[in-house]
1. How large is ³J(HN,Hα) for each residue in segment 254-259, as worked out from phi by the Karplus curve 6.51 cos²θ - 1.76 cosθ + 1.60 (θ = phi - 60°), to whole Hz, x for Gly and Pro?
2. Quick one: Cα centre-to-centre distance for segment 31-61 and segment 222-261, in angstrom?
3. Test of the criteria: in segment 183-286, which trypsin sites (Lys or Arg not before Pro) are in a DSSP loop and have at most 10 other Cβ atoms within 10 angstrom of their Cβ?
4. Calculate one ³J(HN,Hα) per residue across segment 39-53 by plugging θ = phi - 60° into the Karplus curve 6.51 cos²θ - 1.76 cosθ + 1.60, and present them in order as whole Hz with x for glycine and proline.
5. Using unit Cβ charges (K, R positive; D, E negative) and no other charged atoms, how large, in debye to the nearest 20, is the dipole of segment 209-332 about its Cα centre?
6. For segment 281-307 and segment 91-114, what is the separation of their Cα centres, given in Å?
7. Could you tell me whether segment 27-174 comes out rounded, prolate or oblate from its Cα gyration tensor? Rule is a ≥ b ≥ c as square roots of the eigenvalues, rounded for a/c under 1.5, then prolate if a/b exceeds b/c, otherwise oblate.
8. Connecting C-alpha atoms closer than 10 Å in a GNM of the chain, tell me which of Gly301, Gly160, Gly193 has the biggest fluctuation.
Amino acid sequence: MENIENLKQLLSIPKDIVITTHRNPDGDAIGSSLALYHLLIQDGHTVHVITPSEYPSNFEWMAGVEKILIYDIHTEKANEVLDKANIIFALDFNSLDRIDKLGEYVMPLKAKFVMIDHHLYPEPFADFMLSETSASSTCELVYEFIGMLGKKRNLNIDIGNAIYTGISTDTGSFRYSTNPRVFTIVSELIALGINDVAIQDNIYNSLSFKQLSLIGHSLNNRIEILPEYKAGIIYLTKKDFEDFTIQRGDTEGIVNYLLMLKDLKIAIFITEQPNIVKLSLRSKGDFSVQEICRKYFNGGGHKNASGGFSHKNLKATIQQVKEILEEYKNILK
């Protein structure tokens, strides 16, 4: 961050601060937001975390999560907080359209914007920006940001738990997007006193029977393997959402089951929503699903993990995916 000294000066006096992150927040979004929250309140700032939509239930154990304002639900209160804000932190997203109506509201505000993010192609809406696409997660960058502020002495268990959560979830429990710095940070967090085993248990071993049944249904009835493309598709229909009363977070991680298959390079998870069809893509190795999502599905993300959406119906979207894979057939051999 080039102008870190200017930001440090801004933060030297207590301010009204809002921390926000992207719609459908994941572990990195919630973790980075709460880590920064627990840091800033130590210096007397008035801090609120606002998410555009609800967060998955497997993060309800995190300290401070009960204070989060969900914009879809607490719109009036959130707008009051935003109107007072001197500084708005944008975490784990780099385009205001990633926060939907919340983005429309904050766009004309006079607050200073601080972006901390690790996705490709950041848009120039922030006054201060820490953007590093080689980082494993936004939580990794928040940890670095704490160091830039000279606040490492302020690290505590709540901050450590939040940062570990984001790094763990965005690296698939350290299976991809890792680097030497990731393990250095994790080592320092464990030395701080976090219980990494308990955190992993809270995140990954908290399924309801309904969620487990949905996974079984997806793998038994909604899966199609395309060996000619070394790809697999899992899809869920509107009826599936009704039958299983699917809520926010219930489908988290389903796409990753496809990558457990030995010869598959690409996993595609497609869900039929009320007005659009959503896609979540994962890949192994050097194949970039980010390119596919950005080019064909109004989305983006990372090389090995990206998402997007389509205005076609479910059947047409699945067919389009197969036609796209045909274009990459030679690369996927």
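1. Going residue by residue, I get 4, 4, 6, 4, 5, 6 Hz, with x marking Gly and Pro.
2. 30 Å
3. When the trypsin sites (Lys or Arg not before Pro) of segment 183-286 are filtered for loop state and at most 10 Cβ neighbours within 10 Å, Lys262 remain.
4. For segment 39-53, the Karplus-derived couplings read 6, 5, 5, 5, 9, x, 6, 8, 10, 10, 9, 10, 10, x, 9 Hz, x marking Gly and Pro.
5. 160 debye
6. Value for the Cα centre distance between the two parts: 24 Å.
7. Judged from the Cα gyration tensor, segment 27-174 comes out rounded (a/c under 1.5).
8. Evaluated over the chain, the most mobile residue of the options is Gly193.
Here, each number is a calculation from the coordinates, and none is a lab measurement. Everything numeric in this text was worked out from a predicted model, so none of it was measured. Methodologically, a virtual Cβ is constructed for each residue, glycine included, from the backbone with ideal geometry; neighbour enumeration extends over all protein chains shown.
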